[in-house]
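Enquirer: Have a look at the structure that comes next, please.
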Amino acid sequence: MSNNGIWVVAEPYKGALEGVSYELLGKAVALGAQLNAPVSVVLLGQNVKSLAGELGNYGADKVYVADDAQLGGTEVAGEVLGKLVGEQHPAVVLFPATSFGRDLASAVAAANKLGVAADASDLKVEGGALKVVRPIFGGNALVTLSGQGAQTLLVTVAPKAFERAQAGAGKTAEVVDVPVSGVSPRTQIRQFVEEVASGKIALNEAEIIVAGGRGVGSAEKFSIIEDLARALGAAVGASRAVTDAGWRPANEQIGQTGVTVKPKLYIAAGISGAVQHWVGMKESGYIIAINTDPEAPIMKVADLAIVGDLFKVIPELIKEINTLKGAAV
Ligand code: FAD
């Protein structure tokens, strides 16, 4: 293991770090202890330096900080990180498998002629060496990868794959300022446009998710999914059939090419349960499927399979939930 050890690319958002940053750090700290390797966090963004201070307490030995107005997007950030990785040769760099992390991982890979182990489900130490486990064939098999020689291993990891690092390590991480100079962006960010729906619960943080599939029938009829989500205080998700049809925004797509989620309760209504959807939600604590077809794949793997028309079942569920809520007041 190179002296520059294990790196974690943190994802800043609105003056804080996304939860996945702490999940990657938790794994990195555990691996660092096994491999006797230092753990560094890379913080790239605008107004992010103040976030560096707490990371020692979560187990980081070092924090590389590039804080610059040009780092609002991923183009310059990718260039800066690509250069840093080329100079410092960490053994492994963990990126969140989000649009931010995936963008950066591919930029670093291109800059350094490296490959990326995408969407890892685990990292482990075997025989003193770091191994990356990732699903293949739509999650039907797992492959274990190891790095080639001294090459830096780039790995993206989906949110919720690992437990968060806990505060209390009591360390003070060394903060290293990374210069942002000599970069030549081809794009210029003029304005950030953010889709903000009031009261909307983020999918990757939600404890309950109600997801709708093609069986819902149209964008308008999706209000039934929203109604159930509201009754449960849940986030709304969708299958790719739904986002491809434009019934819901792409960022609500759950699955292999969408978001990976791990709520305590997942309700899939009108979703067949294709393997590409399943891999994105199979770690949910309890899965309820509502489908008219008892033979749909999701009905075989759900904890509770309700055979029925979602337009009949969901209103009954909402009624029951509201009765229970009323009784609890
Ligand atoms: P369908 O498969 O059409 O299922 C609709 C279901 O609704 C059926 O089971 C039907 O019985 C039921 N139904 C119909 N009417 C009702 C009703 N009134 N009440 C109750 N049930 C009803 N898919 C994803 O979801 N996420 C991904 O990330 C993803 N990535 C992909 C990547 C690749 C490379 C490929 C090739 C595919 C990917 N897909 C993904 C697509 C995936 O293969 C399926 O096509 C998709 O998940 C199907 O969506 P669905 O279950 O909503 O639709």
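The values are calculated or read from the model by the stated rules, or taken from the named source; none is laboratory data. Computed from a predicted model, the values in this text were never measured in an experiment. Backbone-built Cβ (ideal geometry, glycine too); neighbour counts: all protein chains shown. Side chains are part of the model used for accessible areas, which takes the heavy atoms of the whole protein and leaves out ligands, DNA and RNA. Shrake-Rupley method; radii C 1.70, N 1.55, O 1.52, S 1.80 Å.
Enquirer: When only alpha-carbon atoms count, how far does the range 177-239 stretch along each of its three principal axes, as whole angstroms with the largest first?
Expert: Result for the range 177-239: principal-axis Cα extents of 52, 26, 20 Å.
Enquirer: Moving on to the next point. Report the extension gain between Glu283 and Glu320 in nm, rounded to one decimal, defined as 0.36 nm multiplied by the number of residues separating them, less their alpha carbon distance. All intermediate terms of the calculation are to be shown ahead of the outcome.
Expert: Numbers: separation 37, 0.36 × 37 = 13.32 nm, distance 2.65 nm.
Full extension from Glu283 to Glu320 adds 10.7 nm.
Enquirer: Of Ala235, Ala117, Ala33, which has the largest mean-square fluctuation in a 10 Å C-alpha GNM of the chain?
Expert: Ala33
Enquirer: Once fully extended, how much extra length lies between Lys49 and Lys312, figured as 0.36 nm per residue of separation less the alpha-carbon to alpha-carbon distance? Mind dumping the intermediate values first?
Expert: Working: separation 263, 0.36 × 263 = 94.68 nm, distance 5.25 nm.
Gain in length upon complete extension: 89.4 nm.
Enquirer: Then there is this: Express the C-alpha Rg of the chain as a ratio against the empirical globular expectation 2.2 N^0.38 Å, rounded to two decimals. Please report the intermediate quantities before stating the final value.
Expert: Numbers: Rg = 21.4 Å, N = 329, 2.2 N^0.38 = 19.9 Å.
With N residues counted in the chain, Rg over 2.2 N^0.38 Å equals 1.08.
Enquirer: Could you state, as a whole-number percent, how many of the C-alpha pairs of the range 138-271 are farther apart than 20 Å?
Expert: Working: 5679 of 8911 pairs.
That fraction is 64 percent.
Enquirer: Also, quick follow-up: Using a 7 Å offset from the Cα along the Cα-to-Cβ direction at both Gln191 and Asp293, what is the distance between the two label points in nm, to one decimal?
Expert: 4.4 nm
Enquirer: Please report Rg (one decimal) and Dmax (integer) in Å for the Cα set of the range 37-92.
Expert: 11.6, 32
Enquirer: Determine how large the accessible area of Leu130 is when every protein chain is in place; take a 1.4 Å probe and give Å² rounded to the nearest 10.
Expert: Here the residue's solvent-accessible area equals roughly 20 Å².
Enquirer: Which three extents, in whole angstrom, do the alpha-carbon atoms of the range 1-115 cover along their principal axes, largest first?
Expert: 36, 32, 22
Enquirer: Evaluate the charge dipole of the chain about its Cα centre and quote only its size in Debye, nearest 20, assuming +1 on the Cβ of each Lys and Arg and -1 on the Cβ of each Asp and Glu.
Expert: On the way: 28 positive and 33 negative charges, 53 e Å.
It works out to roughly 260 debye.
Enquirer: Could you check what % of the DSSP bridge pairs in the chain are antiparallel, to the nearest 5?
Expert: On the way: 13 of 58 bridges.
In the chain, approximately 20 percent of DSSP beta bridges are antiparallel ones.
Enquirer: Ok, one more. Cα extents of the range 56-138 along the three principal axes, largest first, in whole Å?
Expert: 41, 33, 23
Enquirer: For the range 128-216, which whole percent of the accessible surface, found with a 1.4 angstrom probe, sits on carbon and sulfur atoms?
Expert: On the way: 2850 of 5820 Å².
Looking at the range 128-216 in its full context, I get 49 percent from C and S.
Enquirer: For the range 171-186, take each phi angle, set θ = phi - 60°, evaluate the Karplus expression 6.51 cos²θ - 1.76 cosθ + 1.60, and give the result in whole Hz per residue in order, putting x for glycine and proline.
Expert: Karplus-based 3J(HN,Hα) across the range 171-186 equals 8, 10, 6, 6, 9, 10, 7, 9, x, 10, 9, x, 8, 10, x, 8 Hz.
Enquirer: If you don't mind, there's one more thing I want to ask. Specify, per residue and in Å³, the volume enclosed by the convex hull of the alpha carbon atoms belonging to the range 62-217. Write out the running numbers ahead of the final one.
Expert: Working: hull volume 32.7 nm³, N = 156.
Dividing the Cα hull volume of the range 62-217 by its residue count gives 210 Å³.
Enquirer: Here is a follow-up. Report Rg/Rh for the range 1-65, rounded to two decimals, where Rg is the Cα radius of gyration and Rh the Kirkwood radius. Could you put the intermediate results ahead of the total?
Expert: Numbers: Rg = 11.2 Å, Rh = 11.7 Å.
Here the Rg-to-Rh quotient is 0.96.
Enquirer: Can you give me the relative contact order of the chain as a percent, contacts being Cα pairs under 8 Å and 6 or more apart? Walk me through the numbers before you get to the answer.
Expert: Working: 729 pairs, mean separation 46.8, N = 329.
Reported relative contact order: 14 percent.
Enquirer: Moving on. With a 1.4 Å probe and all protein chains left in place, how much of the accessible area of the range 234-291 comes from carbon and sulfur atoms, in whole percent? Before the final figure, lay out each step's value.
Expert: Details: 1080 of 2130 Å².
Here carbon and sulfur together make up 51 percent of the probe-accessible area.
Enquirer: With all protein chains present, how much of the accessible area of the range 1-58 (probe radius 1.4 Å) comes from carbon and sulfur, to the nearest whole percent?
Expert: Working: 950 of 2190 Å².
Result for the range 1-58: 43 percent of the exposed heavy-atom area is carbon or sulfur.
Enquirer: Further question on the same structure: P(r) for the range 150-189, please, calculated from all Cα pair distances in 5 Å bins and given in %.
Expert: 5, 10, 8, 11, 21, 23, 12, 8, 1
Enquirer: Under 16 Å between alpha carbons, and skipping anything fewer than 8 positions from Lys14 in its own chain: which lysines qualify?
Expert: Lys49
Enquirer: Long-range amide H contacts for Val175: which residues qualify at under 5 Å (H placed 1.01 Å from N, peptide plane, sequence gap of 5 or more or a different chain)?
Expert: Hits under the 5 Å cutoff: Val63.
Enquirer: Per-residue HN-Hα couplings for the range 13-21, Karplus 6.51 cos²θ - 1.76 cosθ + 1.60 at θ = phi - 60°, whole Hz, x for Gly and Pro?
Expert: 7, 6, x, 9, 9, 4, x, 4, 4
Enquirer: Solvent-accessible area per residue for the chain at a 1.4 Å probe radius, Å²? List each step's numbers first, then the result.
Expert: Working: 16060 Å² over 329 residues.
Using a 1.4 Å probe on heavy atoms only, each residue of the chain averages 49 Å².
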